Amino acid sequence: MVLKIAVIGLGDISKIHLAAIKQNPNVQLVAVCDRNIDDKEPVNQSCYTDYHQMLEEVEMDCVHICLPHHLHFPATKAAVEKGIHVFLEKPLAHDLADSRAIVRLEEENLHVKICVSLQNRLNDTVAELAKIISSGRYGKVTGLKGMVAWHRPKSYYETKPWRASMKTAGGGVMINQSIHTLDLIQYFGGEIDTIRGSVDRLLNYGYDVEDTATARIQFKNGATGLFFATVANAQNSSVEFQVILESAELTIKDSILTMTNNEGEKVKLVEDEKLPGSKFYYGASHMKLIHHFYDQIKQDGNDYIHAKDAQISMEMIELIRQSSEAKESIKMGVLQ
């Protein structure tokens, strides 16, 4: 069975999606869509400027949605209503209302699969980390830390103005650069009890999206988490993710997982694959997740990252934002 695939949105991230499609011998790219299709590199497939027209005219099994955040829900809805499976680039949507609407779409259309690209869960380092934690050998999780210190010049927002507006992006550093880190914090930390957060605009760019955010996260199991993210750094430094167990510390930095025991001995465990020719922070797990999702479509499986899984980090972002405004901790689950 050869799956027929289409792509909506031919921006920067679509190159990773198109490469994954090309490398899979069991799928066929049948159409692409972009509002400014004439400005894009030719892909030798049926080209559209209106995704509604493409979904109506082209037979396909799955569509990749690589659009600005505020267009995620309407494009996903249009595909799901046609019975077409969706591979959705992160984030789930630009705000809570749209992200919750996608979760409802998923719940009400069980015959259609929606996979959200939180692909860092499939990194070799993350998979090994999960294996060590689940073994229980070093005790339970007591603390987590996720830190992202990157740089984004003003031109980053000027070249694509949707990134600079809450109405279209839904936020800045939290939703765009560090949502993977937030996802991993909750993935390993468990159910969240409360969040105390702070957001700011340290750069004098004049936009309404945040460039810096911090949060302390209290989990129901007693563990605590620290989150820090900024694009006000002088350069793109390595993301650091750490899980503290009762008798060991596990740290992912520079795409390498290391373990430090109670005696202070540090051991390298595994290193992530790199994707040649791409930005260092993309990693190689887009390919893994895309190919795995195709397999789940063929097998009618349920093992992929659902909309409901991706919804948790969206709730975290809004909680951090509201906590910053209220200057107090807010309980998870109280947002309307």
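The values are calculated or read from the model by the stated rules, or taken from the named source; none is laboratory data. Keep in mind that this is a model prediction, so the values were computed, not measured. Every residue, glycine as well, gets a Cβ built from its backbone with ideal geometry; the counts of neighbours run over all protein chains shown. Heads up: the accessible areas ignore ligands, DNA and RNA and are worked out on the full protein's heavy atoms, side chains in. Shrake-Rupley method; radii C 1.70, N 1.55, O 1.52, S 1.80 Å.
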* Taking K266 as the anchor, which lysines have their alpha carbon closer than 28 Å to its alpha carbon, excluding any fewer than eight residues away along the same chain? -> K131, K140, K145, K253, K274
* Asked: Out of every Cα pair in region 130-203, what percent are spaced more than 14 Å from each other?
  -> 72
* **Fluctuation leader among S313, S135, S255 - the chain, Gaussian network, Cα springs under 10 angstrom** => S135
* **Degrees, to the nearest 10: 124-135 long Cα axis against longest axis of the chain** => 50
* Any idea what angle helix 72-81 forms with the longest principal axis of the chain, computed on alpha-carbon atoms, 0 to 90 degrees, nearest 10? -> 50
* region 26-120: D in µm²/s via Stokes-Einstein (Kirkwood Rh, Cα pairs, 10 °C, 1.306 mPa s)? -> 115
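Run the numbers for E263 and K308: contour at 0.36 nm per residue of separation, minus the present Cα-Cα distance, in nm. Each step should come with its number before you reach the end.
On the way: separation 45, 0.36 × 45 = 16.20 nm, distance 4.03 nm.
Gain on stretching E263 to K308: 12.2 nm.
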* **Under-5 Å amide H pairs with L29, H placed in peptide plane, nonlocal only** => I5
* Could I have the simple spin-label model distance between T49 and A130, label points 7 Å from Cα toward Cβ, reported in nm to one decimal? => 4.3
* Structure fact -> Mean 1/r over distinct Cα pairs of region 56-176, inverted to a Kirkwood Rh in Å, yields 16.9
* At q = 0.13, 0.22, 0.27 Å⁻¹, what log₁₀ I(q)/I(0) does a Debye calculation on the Cα points of region 122-173 give, no solvent, two decimals? -> -0.60, -0.85, -1.06
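Could you work out the per residue convex hull volume over the alpha carbons of the chain, in cubic angstrom?
Details: hull volume 47.4 nm³, N = 336.
It is 141 Å³ per residue.
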* **GluC sites (Glu not before Pro) within region 116-193, DSSP loop, no more than 14 other Cβ atoms inside 10 Å** => E191
* Mean projected area in nm² (Cα convex hull; one quarter of hull surface) for region 125-268 -> 9.3
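D211: net charge of surrounding residues, Cβ under 13 Å, Lys/Arg +1, Asp/Glu -1, itself excluded?
On the way: positive: R152, K154, R163, R201; negative: D200, D208, E210.
In short, +1.
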* Loop-located GluC sites (Glu not before Pro) in region 1-83 whose Cβ has at most 13 other Cβ within 10 Å (DSSP) -> E59
* Share of the chain's accessible area from carbon and sulfur, percent, 1.4 Å? -> 47
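Relative to the present Cα-Cα distance, how much length would full extension add between E108 and Q28 at 0.36 nm per residue of separation?
Values: separation 80, 0.36 × 80 = 28.80 nm, distance 2.83 nm.
Full extension from E108 to Q28 adds 26.0 nm.
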* Which trypsin sites (Lys or Arg not before Pro) in region 286-336 pass both tests, a DSSP loop state and at most 10 other beta-carbon atoms within 10 Å? -> K327
* **Euclidean distance of C-alpha centroids, region 35-112 and region 153-172, integer Å** => 21
* **Residue-averaged 222 nm ellipticity for the chain, from DSSP H runs of 4+ at -39500 (n - 2.57), nearest 500** => -9500 deg cm²/dmol
* Asked: When ligands, DNA and RNA are left out and all protein chains stay put, how many square angstrom of accessible area per residue does region 37-100 have with a 1.4 Å probe?
  -> 45
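As a quick test, which of the pairs K77/K167; K4/K82; K154/K331; K220/K327; K82/K308 have an alpha carbon distance above 24 angstrom in this structure?
Values: K77/K167 19 Å; K4/K82 14 Å; K154/K331 35 Å; K220/K327 21 Å; K82/K308 21 Å.
Over 24 Å apart, Cα to Cα: K154/K331.
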